[in-house]
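Quick notes on the structure that follows.
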Amino acid sequence: MDRIADILVIVDPTIAAGEQPAITKAHALAKRLDAAVELLACDTEYSRETRMAAEWPRTDNAPPGDTLPAMLNRWAAPLRADSIDVETHAITGDSLHESILSWMRNSPADLVVKDTHHHSVAKRTFTFMTNTDWNLIRACPLPLLLTKPARWGAPPVFAAAVDPGHANDALAALDHRILDVTATLARRFDAQLHAVHAYFPSTIALAGPGGMPPMVDVSAQALSAEQEHRRSQIKQLTDEYGIAASNLHVGMGVAAQYIPRVAAECHADLVVMGAIARSGLKRIFIGSTAERVLEALPCDVLVIKPTDFAKSLPF
């Protein structure tokens, strides 16, 4: 894995007090990776209104609320006290994700960290193309760590979600990049390392008329043989990364269901997975599996892109 020397943290300016999960995780990463940190807060109309509402009503002699630069310096203080090089930046913008992406073009960052929250199906459908998390999954070319409030265990558990057997060389390379990143982080944190692969049996993969699965009689022997083949593929892929056979999870099922279930069973603190771009479209459709998994995962997710990802973006 290329060295992570600078971590860009997207700070939530609506949280005047309390813990910022993204800063907490970036603090831990910076110490283990010997990296610098940038704290970036974008003041949108929504964040300004939220902060004003939190301070209202006020008494006439109440001290003024923190300015955004003052809040950033307060959040930076514990990191600086821990000998981490920290820069703070307060910007304004109407679109949070567009402002972040614009800032990144001139940032030395190697990794982006942002906190995330669960969304109901109705809310996610309504805000699908404007929600910052989803737009960053689509357009952020750097590794993107989306964090949840829970702290990592001691030692933590990291899992790489891979899909071996690609005929596409670029996708095969992405699997190796996912494993390389996960294994490197696992070494730095003395973490348990797992690999997860969900698959749909090729014997029943072809859809029948109208998109319905065909009515076929698939023998238990055929399913068992494919299970062994898939497990052999993932073992061959992961052997060079030193993942124990007992930590290989290969199962028949939908990735958006199987990966979160395995993550819960092995108490994963972080799942690392890939997302790819579909170019040639007016709108980009990327990583729908990553998005569905993110909603269901009980832990953090690190989204990795192919090295040539930025070239695939249609904007």
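The values are calculated or read from the model by the stated rules, or taken from the named source; none is laboratory data. Just so it is clear, the structure is predicted and the values come from calculations on it, not from any experiment. Protein only, heavy atoms only, side chains kept; ligands, DNA and RNA dropped before computing areas. Shrake-Rupley method; radii C 1.70, N 1.55, O 1.52, S 1.80 Å.
Distance cut-off 21 Å, Cα to Cα: go down the list LYS148/LYS235; LYS25/LYS114; LYS114/LYS305 and report the pairs above it.
LYS148/LYS235
Sorted by accessible area with a 1.4 angstrom probe, largest first, how do THR67, THR132 fall?
Largest accessible area first, the list is THR67, THR132.
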